[in-house]
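Below is one structure; the comments refer to it alone.
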Amino acid sequence: MSQKDWLMLLVPIIANGIIIFVLQQWVSRKIEHINKRDALRDNVFKTFWEQSQAYNLFIVKMIKEGRDNPHTLINNIYKLKDLTAEMIAYYDSNPSDLKVVSSEFDKLTASWDNLAKSVSDTFGGASQTQNFDVCLQAVKDANLELSKAIRKKY
């Protein structure tokens, strides 16, 4: 074989090797970028789910303590308001990741608004503790639906 034959044989092999190496590097970087994005999204979902679970546990604790000692109700309502504000702030700071659970979150905030109205009615003079219990249960149910949606999407 002459030198020309060797060049005709080796040049395409080397060129193909270089092209494959470049494509492999490009695909690897794309996959790495996607994995980082997914890890961030998973972290956002996990944190939001943990907040949802803590919120649910507090509501259960609040219902139990409210039955045992009704005087703790006002303090627990303020704590629940703070937990709700934290969830809303976290949701608002991560809208692009959490938009997939927006309808469930909107239901939770609507039920929270109803609960807040019920609290103002109850402590504003109108005795509607039954309405308060129903609204609190609606908040709990909406939060459970949100937790289910987060787990489904996660």
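The values are calculated or read from the model by the stated rules, or taken from the named source; none is laboratory data. Here the structure is a predicted model, which is why all the values come from computation and not from measurement. Please note: Cβ atoms are built from the backbone with ideal geometry, for glycine as well, and neighbour counts cover all protein chains shown.
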- Within the stretch 14-28, identify whether any single residue is among the aromatic types (Phe, Trp, Tyr), assigned to a helix (DSSP H, G or I) and in contact with a helix residue (DSSP H, G or I) (Cβ under 9 Å, 6 or more places away or on another chain), and answer yes or no. no
- Task: Go through (1) under 16 Å from LYS140 (Cα atoms); (2) modelled with pLDDT of 90 or more and name the single condition SER28 misses.
- Result: (1)
- Note on the structure: Checked against (1) under 25 Å from PRO95 (Cβ atoms); (2) touching a residue at least 40 places away in the same chain (Cβ under 8 Å), MET62 satisfies every condition except (1)
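Quick one: in the stretch 65-87, of everything that is hydroxyl-bearing (Ser, Thr, Tyr) and within 17 Å of ASP113 (Cα to Cα), which residue is surrounded by the fewest Cβ atoms within 10 Å (Cβ to Cβ)?
TYR78
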- Answer yes or no: is there a residue in the stretch 69-83 that is of a type in the set (A, V, I, L, M, F, W, C), touching a residue at least 12 places away in the same chain (Cβ under 8 Å) and closer than 27 Å to ARG151 by Cβ. yes
- Task: Say whether the condition of being among the β-branched types (Val, Ile, Thr), touching a helix residue (DSSP H, G or I) at 6+ places or on another chain (Cβ under 6 Å), surrounded by 14 or more Cβ atoms within 10 Å (Cβ to Cβ) and touching a residue at least 60 places away in the same chain (Cβ under 8 Å) is met by at least one residue in the stretch 91-107.
- Result: no
- In the stretch 60-108, what residues are under 17 Å from TRP49 (Cβ atoms) and either outside any helix (DSSP H, G or I) or of a type in the set (Val, Ile, Thr) (or both)? VAL60, THR84, ILE88, ASN94, VAL100, VAL101
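With LEU115, LEU10, LEU57, LEU108 as the choices, which residue is at pLDDT below 90 and closer than 30 Å to VAL134 by Cα?
Details: LEU10 fails: closer than 30 Å to VAL134 by Cα; LEU57 fails: at pLDDT below 90; LEU108 fails: at pLDDT below 90.
Unique residue meeting the criteria: LEU115.
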- How many residues of the stretch 1-52 are closer than 30 Å to LYS107 by Cβ, exposed (fewer than 11 other Cβ atoms within 10 Å of the Cβ) and β-branched (Val, Ile, Thr)? The answer is 0
